[in-house]
Amino acid sequence: MTAQQLPASTSATAIQSPRQPIALLVSLLMTAALASYLYTVQDSHASLVMLLGAALGVALYHASFGFTTAWRTLVVTGRGRALRAQMLMLAVAVCLFFPTLAAGELFGQNVIGFVRPLSISVLVGAFIFGIGMQIGNGCASGNLYHAGGGQLRALPGMAGFAAGALWATRDYEWWTTQPSLAPVNLIELLGTGPAIALNLLVFAAIALLTRVVEKRRHGDLEADDAGQGQPWSRRLLRGPWPFIWGAVALALLNFATLALIGRPWAVALGYPLWGAKAAEALNLGLDIDFWGYWLLPGRDTALMGSILEDSASLMNIGVILGALVAATLAGRFSLSWRMPLMQWLAALLGGVMLGYGATIAFGCNIGAYFGGIASGSLHGWLWLVAAFAGSFVGTWLRPLFGMSRG
């Protein structure tokens with residue numbers, strides 16, 4: 001799988017920086033300035049949260065680690081290298097998360113996982129999200145690191161995500177009344193060891209299935225040789241990374257998030273707040289304060305405070321800055337914005353679907369899929385099945401918006 005790029009057919013204009021070292025210096029200064037500001041007006045914890053997001057942005061960019069293209073590539077071409085990397089990421093994560101969540105604390109920090117109900121809202125929301133990620137050509141984390149790398153074409157997807165997420169907060173209370181089964185926590189149900197073993201077996205089975213499919217269609221397996229031939233230190237700093245590096249890095253950084261914040265990494269959690277703040281700034285006259293979503297613990301205080309006081313938002317901003325640093329380190333930073341009108345509309349529509357789906361499904365590909373499975377919650381697997389089905393549908397809808405299926 002290549003980077004989670006916007007279509008090759010897109011007519012793009014790129015402004016290449018003639019002085020990449022200057023661009024690198026600017027990106028580092030921007031990151032350091034925000035970290036310093038957060039340390040001054042809040043505390044060191046806020047600064048560390050943002051910097052952790054930046055580390056995630058570097059990993060996402062250097063490994064071109066996405067979910068949208070990975071799933072589409074498997075459906076269209078049968079190549080499963082990227083999905084196998086996701087299984088490795090999950091395998092490392094459950095080995096780290098399950099014992100820690102069973103203990104309930106890490107380095108004195110109370111920790112909780114994302115354990116959610118098996119509900120209609122998860123099924124419907126994940127399915128909508130899956131369609132949106134293919135139409136919009138990006139997922140929650142993908143849009144962030146693409147924007148950081150200079151692909152301004154990701155911005156309509158992000159704007160749509162915030163609008164869709166805000167819309168979903170209005171309907172959130174209704175979705176909670178729909179049919180639902182109680183949450184299933186595999187760590188509590190089976191015990192830590194058996195739960196890890198079961199998950200590893202499922203990951204291995206999925207990885208093996210992708211190998212079988214790929215060999216039948218192509219006769220061989222696609223090599224994961226990004227950056228091969230370069231010294232490992234240069235590859236680490238400037239990229240590109242093999243998928244395996246990205247998989248391990250994301251699992252470790254998600255575990256660091258658990259240690260720092262007390263919960264797994266969540267991207268979609270920041271978007272409803274961004275939508276609400278935008279609605280307030282535009283004076284749209286919405287009674288957001290009285291919507292059920294904003295009466296949930298933690299969401300009420302987030303709505304009253306600044307975006308820079310919200311940990312999910314801080315990490316999202318950090319991802320953008322980290323991708324900017326990574327792009328300038330790699331010497332590949334450029335500003336790209338031009339594409340056909342239909343693809344702008346597709347990005348906006350896909351973003352709305354992403355935001356709405358993620359909010360009613362208790363998260364996106366990061367919070368529900370990655371975080372849910374790493375938390376031992378069965379809803380993470382339900383989300384994966386529904387989102388993959390939606391992604392399949394979305395893949396075949398792409399030509400309606402002038403995009404190839406591949």
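Note down the nm distance, to one decimal, between modelled labels 7 Å out along Cα→Cβ at Leu252 and at Ile22.
Label at Leu252, label at Ile22, 3.5 nm between them.
Which FRET efficiency, nearest 0.05, do Leu345 and Gln109 yield, Cβ-Cβ r, R0 41 Å?
Efficiency, rounded to the nearest 0.05: 0.40.
Which length gain, in nm to one decimal place, applies between Asp43 and Val75 when the Cα-Cα distance is subtracted from 0.36 nm times their residue separation?
Length gained between Asp43 and Val75: 6.9 nm.
Let me check I've understood the local charge: for Tyr293, count other residues with C-beta under 12 angstrom from its C-beta, Lys and Arg +1, Asp and Glu -1. What total comes out?
-2
Give me log10 I(q)/I(0) at q = 0.16, 0.24, 0.28 Å⁻¹ for region 45-101, Debye formula, one equal scatterer per alpha-carbon, no solvent.
-0.68, -1.00, -1.04
What is the Rg over Rh value, at two decimals, for region 86-243, using alpha-carbon atoms and the Kirkwood definition of Rh?
That ratio equals 1.01.
Report, in whole Å, the centroid distance computed from the Cα atoms of region 56-94 and region 173-198.
Each part's Cα centre sits 25 Å from the other's.
Over 10 Å intervals from 0, what percent of Cα-Cα pairs in region 170-210 sits in each interval?
Taking every Cα pair in region 170-210, the percentages come to 24, 27, 25, 23, 1.
For the chain, what is one quarter of the convex hull surface built on the Cα atoms, given in nm²?
If I average the Cα hull's projected area over directions, I get 19.7 nm².
Multiply the residue gap between Leu208 and Val385 by 0.36 nm, knock off their C-alpha separation, and tell me the result in nm, one decimal place.
Details: separation 177, 0.36 × 177 = 63.72 nm, distance 1.75 nm.
That works out to 62.0 nm of additional length.
Could you compute Rg(Cα) / (2.2 N^0.38 Å) for region 180-249, with N its residue count? Display every interim value, and only then the final one.
On the way: Rg = 18.0 Å, N = 70, 2.2 N^0.38 = 11.1 Å.
That works out to 1.63 for region 180-249.
Scanning the chain for helices, which whole DSSP H stretches are 30 Å or more long along the axis (Cα) and average -0.5 or more by Kyte-Doolittle?
Values: long enough: 20-41 (31 Å, 1.55); 81-103 (34 Å, 1.53); 192-218 (39 Å, 0.79).
Within the chain the helices that satisfy the rule are 20-41, 81-103, 192-218.
How much length would be gained if the chain were fully extended between Leu29 and Ser404, taking 0.36 nm per residue of separation minus their Cα-Cα distance, in nm to one decimal?
Working: separation 375, 0.36 × 375 = 135.00 nm, distance 3.87 nm.
Full-extension gain reported as 131.1 nm.
For region 231-347, evaluate the Debye formula with one uniform point scatterer on each Cα (no solvent term) and list log10 I(q)/I(0) at q = 0.10, 0.12 Å⁻¹, rounded to two decimals.
Taking Cα atoms of region 231-347 as identical point scatterers yields -0.48, -0.67.
For the chain, which span is the longest to avoid every loop-located (per DSSP) member of trypsin sites (Lys or Arg not before Pro) having at most 15 other Cβ atoms inside 10 Å?
20-337
Over region 367-406, how many percent of alpha carbon pairs lie in each 10 Å bin up to the one with the longest distance?
Calculated P(r), rounded to whole percents: 32, 33, 25, 11.
At R0 = 56 Å, how high is the FRET efficiency between Asp300 and Trp232 if r is their beta carbon distance? Nearest 0.05 is fine.
Once rounded, the FRET efficiency stands at 0.75.
With a cut-off of 8 Å between alpha carbons and a minimum separation of six or more residues, what is the relative contact order of the chain in percent?
39
From the square roots a ≥ b ≥ c of the eigenvalues of the alpha-carbon gyration tensor of region 296-406, which class results: rounded (a/c under 1.5), prolate (a/b over b/c), or oblate?
oblate
Return the FRET efficiency for the residue pair Asp224, Leu201: r is the Cβ-Cβ distance, R0 is 25 Å, and the value is rounded to the nearest 0.05.
0.65
Read-outs: derived from the displayed coordinates by stated rules, not from any lab. Being a predicted model, the structure only gives us computed values, none of them experimental. Reconstructed Cβ throughout: ideal geometry from the backbone, glycine too, with neighbour counts over all protein chains shown.
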